[in-house]
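Here is the structure we will look at.
The values are calculated or read from the model by the stated rules, or taken from the named source; none is laboratory data. Worth saying up front: this structure is predicted, and the values here are computed from it rather than measured. So basically every Cβ, Gly included, is an ideal-geometry build from the backbone, and we count neighbours across all protein chains shown.
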Amino acid sequence: MQKKVKILFLLMVLNTIVFAQQNKLVWYTSLTEASQVSIKTHKPIFAFFTGSDWCGWCIKLNNNVFSKDAFITWAQKNVVLLELDFPRRKQLPPDLAKQNNDLQQTFQVQGFPTVWLFNTEPDTKANTLKISALGSLGYPPGAEPGKEEIKFLSTANSILGLK
(Lines give C-alpha, C1' and ligand atoms only; values in the text may rest on other atoms or scores of the structure.)
Protein backbone atom coordinates (compact mmCIF):
# COMPACT_ATOMS: atom_id res chain seq x y z
CA MET A 1 0.00 0.00 0.00
CA GLN A 2 2.80 2.43 0.87
CA LYS A 3 4.41 1.76 -2.50
CA LYS A 4 1.22 2.75 -4.31
CA VAL A 5 0.95 5.96 -2.29
CA LYS A 6 4.58 6.84 -3.03
CA ILE A 7 4.12 6.17 -6.74
CA LEU A 8 0.91 8.19 -6.82
CA PHE A 9 2.62 11.06 -4.99
CA LEU A 10 5.59 10.93 -7.40
CA LEU A 11 3.25 11.03 -10.41
CA MET A 12 1.42 14.03 -8.96
CA VAL A 13 4.71 15.87 -8.40
CA LEU A 14 5.91 15.09 -11.93
CA ASN A 15 2.58 16.22 -13.37
CA THR A 16 2.85 19.50 -11.45
CA ILE A 17 6.39 20.09 -12.74
CA VAL A 18 5.40 19.37 -16.35
CA PHE A 19 2.33 21.62 -16.03
CA ALA A 20 4.43 24.46 -14.56
CA GLN A 21 6.94 24.17 -17.40
CA GLN A 22 4.16 24.21 -19.99
CA ASN A 23 2.74 27.40 -18.46
CA LYS A 24 6.07 29.21 -18.29
CA LEU A 25 6.60 32.11 -20.61
CA VAL A 26 9.95 32.89 -22.20
CA TRP A 27 10.64 36.63 -22.24
CA TYR A 28 13.65 37.63 -24.32
CA THR A 29 15.51 40.85 -23.55
CA SER A 30 17.60 40.84 -26.74
CA LEU A 31 15.94 41.97 -29.96
CA THR A 32 18.46 39.90 -31.92
CA GLU A 33 17.51 36.70 -30.08
CA ALA A 34 13.78 37.43 -30.25
CA SER A 35 14.09 38.20 -33.96
CA GLN A 36 15.89 34.93 -34.65
CA VAL A 37 13.15 32.97 -32.90
CA SER A 38 10.46 35.06 -34.61
CA ILE A 39 11.87 34.42 -38.08
CA LYS A 40 12.37 30.71 -37.37
CA THR A 41 8.86 30.19 -35.95
CA HIS A 42 7.04 32.70 -38.21
CA LYS A 43 5.57 34.39 -35.13
CA PRO A 44 5.53 38.17 -34.64
CA ILE A 45 7.37 39.82 -31.78
CA PHE A 46 5.33 41.04 -28.81
CA ALA A 47 7.45 43.88 -27.37
CA PHE A 48 6.49 44.95 -23.86
CA PHE A 49 7.83 48.41 -22.96
CA THR A 50 7.81 48.50 -19.16
CA GLY A 51 9.12 50.22 -16.10
CA SER A 52 9.26 46.99 -14.15
CA ASP A 53 10.24 48.45 -10.80
CA TRP A 54 8.23 51.67 -10.75
CA CYS A 55 5.31 51.62 -13.22
CA GLY A 56 2.12 50.63 -11.42
CA TRP A 57 0.17 50.01 -14.64
CA CYS A 58 3.00 47.79 -15.94
CA ILE A 59 2.90 45.71 -12.77
CA LYS A 60 -0.89 45.58 -13.01
CA LEU A 61 -0.66 44.39 -16.66
CA ASN A 62 1.75 41.67 -15.58
CA ASN A 63 -0.52 40.55 -12.73
CA ASN A 64 -3.90 40.90 -14.44
CA VAL A 65 -3.03 39.77 -17.97
CA PHE A 66 0.41 38.22 -18.50
CA SER A 67 0.16 35.82 -15.55
CA LYS A 68 -3.24 34.43 -16.61
CA ASP A 69 -3.58 31.00 -18.23
CA ALA A 70 -5.43 32.43 -21.24
CA PHE A 71 -2.57 34.82 -22.00
CA ILE A 72 0.11 32.19 -21.40
CA THR A 73 -1.57 29.76 -23.81
CA TRP A 74 -2.14 32.53 -26.37
CA ALA A 75 1.44 33.82 -26.15
CA GLN A 76 3.01 30.38 -26.47
CA LYS A 77 0.97 29.77 -29.61
CA ASN A 78 1.09 33.16 -31.32
CA VAL A 79 4.05 35.41 -30.44
CA VAL A 80 7.67 35.76 -29.35
CA LEU A 81 7.87 37.81 -26.16
CA LEU A 82 10.37 40.66 -25.79
CA GLU A 83 10.66 42.70 -22.60
CA LEU A 84 12.07 46.20 -23.02
CA ASP A 85 12.62 47.47 -19.51
CA PHE A 86 13.23 51.01 -18.27
CA PRO A 87 13.88 50.46 -14.56
CA ARG A 88 14.67 53.23 -12.09
CA ARG A 89 16.14 51.26 -9.18
CA LYS A 90 18.53 49.07 -11.12
CA GLN A 91 20.90 49.80 -13.95
CA LEU A 92 20.77 47.80 -17.17
CA PRO A 93 23.94 46.85 -19.01
CA PRO A 94 24.82 49.69 -21.45
CA ASP A 95 24.14 47.64 -24.60
CA LEU A 96 20.70 46.57 -23.32
CA ALA A 97 19.81 50.13 -22.26
CA LYS A 98 20.85 51.39 -25.72
CA GLN A 99 18.78 48.73 -27.48
CA ASN A 100 15.71 49.55 -25.35
CA ASN A 101 16.12 53.30 -25.90
CA ASP A 102 16.58 52.81 -29.65
CA LEU A 103 13.38 50.76 -29.85
CA GLN A 104 11.54 53.32 -27.72
CA GLN A 105 12.58 55.95 -30.28
CA THR A 106 11.72 53.70 -33.24
CA PHE A 107 8.19 53.11 -31.97
CA GLN A 108 7.84 56.60 -30.42
CA VAL A 109 6.73 55.12 -27.11
CA GLN A 110 5.54 57.96 -24.87
CA GLY A 111 4.20 56.05 -21.85
CA PHE A 112 4.24 52.77 -20.04
CA PRO A 113 3.01 50.13 -20.39
CA THR A 114 3.04 49.95 -24.16
CA VAL A 115 3.05 46.79 -26.25
CA TRP A 116 4.05 46.79 -29.91
CA LEU A 117 3.51 43.80 -32.19
CA PHE A 118 5.89 43.64 -35.14
CA ASN A 119 7.81 41.44 -37.54
CA THR A 120 11.49 41.64 -38.41
CA GLU A 121 13.58 40.56 -41.32
CA PRO A 122 17.31 40.85 -41.87
CA ASP A 123 18.49 43.79 -43.97
CA THR A 124 21.70 42.26 -45.27
CA LYS A 125 22.82 45.44 -47.07
CA ALA A 126 22.74 47.53 -43.90
CA ASN A 127 23.52 44.60 -41.57
CA THR A 128 20.49 45.49 -39.43
CA LEU A 129 16.93 44.32 -38.88
CA LYS A 130 14.04 45.73 -40.85
CA ILE A 131 11.01 46.23 -38.60
CA SER A 132 7.42 46.01 -39.85
CA ALA A 133 5.04 47.34 -37.19
CA LEU A 134 1.65 45.64 -36.92
CA GLY A 135 0.07 47.69 -34.13
CA SER A 136 0.20 48.64 -30.48
CA LEU A 137 -1.83 48.30 -27.31
CA GLY A 138 -1.58 49.05 -23.61
CA TYR A 139 -3.48 48.26 -20.46
CA PRO A 140 -7.05 47.41 -21.51
CA PRO A 141 -9.11 50.49 -20.64
CA GLY A 142 -12.53 49.95 -19.17
CA ALA A 143 -12.03 46.20 -18.77
CA GLU A 144 -14.17 44.56 -16.12
CA PRO A 145 -12.01 43.60 -13.13
CA GLY A 146 -10.89 40.01 -13.51
CA LYS A 147 -11.56 40.09 -17.26
CA GLU A 148 -8.62 42.27 -18.35
CA GLU A 149 -6.91 39.45 -20.23
CA ILE A 150 -10.02 38.83 -22.35
CA LYS A 151 -10.16 42.44 -23.55
CA PHE A 152 -6.37 42.57 -24.01
CA LEU A 153 -6.30 39.36 -26.06
CA SER A 154 -9.25 40.50 -28.14
CA THR A 155 -7.32 43.64 -29.11
CA ALA A 156 -4.11 41.68 -29.75
CA ASN A 157 -5.99 39.16 -31.92
CA SER A 158 -7.50 42.00 -33.88
CA ILE A 159 -4.05 43.48 -34.56
CA LEU A 160 -2.74 40.08 -35.66
CA GLY A 161 -5.83 39.21 -37.70
CA LEU A 162 -6.63 36.21 -35.48
CA LYS A 163 -10.04 35.01 -34.29
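Among the residues of the stretch 20-48, write down those that are over 20 Å from Phe152 (Cβ atoms), at pLDDT below 95 and either under 13 Å from the mean Cα position of the chain (by Cα) or surrounded by fewer than 10 Cβ atoms within 10 Å (Cβ to Cβ) (or both).
Result: Ala20, Gln21.
List the number of the failed condition for Gln108; all other conditions in (1) without any contact (Cβ under 8 Å) to a residue 60 or more places away in the chain; (2) within 17 Å of Leu84 (Cα to Cα); (3) in contact with a Lys or Arg (Cβ under 7 Å, 6 or more places away or on another chain) hold.
Looking at each condition in turn, Gln108 falls short on (3).
Just one of Ala126, Ala156 is farther than 20 Å from Leu82 by Cβ and of a type in the set (A, V, I, L, M, F, W, C); which is it? Walk me through it before giving the result.
Values: Ala156 fails: farther than 20 Å from Leu82 by Cβ.
That would be Ala126, the only listed residue that is farther than 20 Å from Leu82 by Cβ and of a type in the set (A, V, I, L, M, F, W, C).
If the requirement is being at pLDDT 95 or above and touching an Asp or Glu at 6+ places or on another chain (Cβ under 8 Å), which of these qualifies: Ser132, Ser136, Ser158? Even if it seems obvious, please write down each step before you answer.
Values: Ser136 fails: touching an Asp or Glu at 6+ places or on another chain (Cβ under 8 Å); Ser158 fails: touching an Asp or Glu at 6+ places or on another chain (Cβ under 8 Å).
On inspection, the qualifying residue turns out to be Ser132.
Tell me the residue from Ser154, Ser158, Ser136 that is closer than 24 Å to Ala70 by Cα, surrounded by 15 or more Cβ atoms within 10 Å (Cβ to Cβ) and among the hydroxyl-bearing types (Ser, Thr, Tyr), please. Don't jump to the end; show me each part of the working.
Numbers: Ser154 fails: surrounded by 15 or more Cβ atoms within 10 Å (Cβ to Cβ); Ser158 fails: surrounded by 15 or more Cβ atoms within 10 Å (Cβ to Cβ).
When all the criteria are applied, what remains is Ser136.
So Phe66 passes all but one of these: (1) surrounded by fewer than 16 Cβ atoms within 10 Å (Cβ to Cβ); (2) in contact (Cβ under 8 Å) with a residue 40 or more places away in the chain. Which condition number does it fail?
(1)
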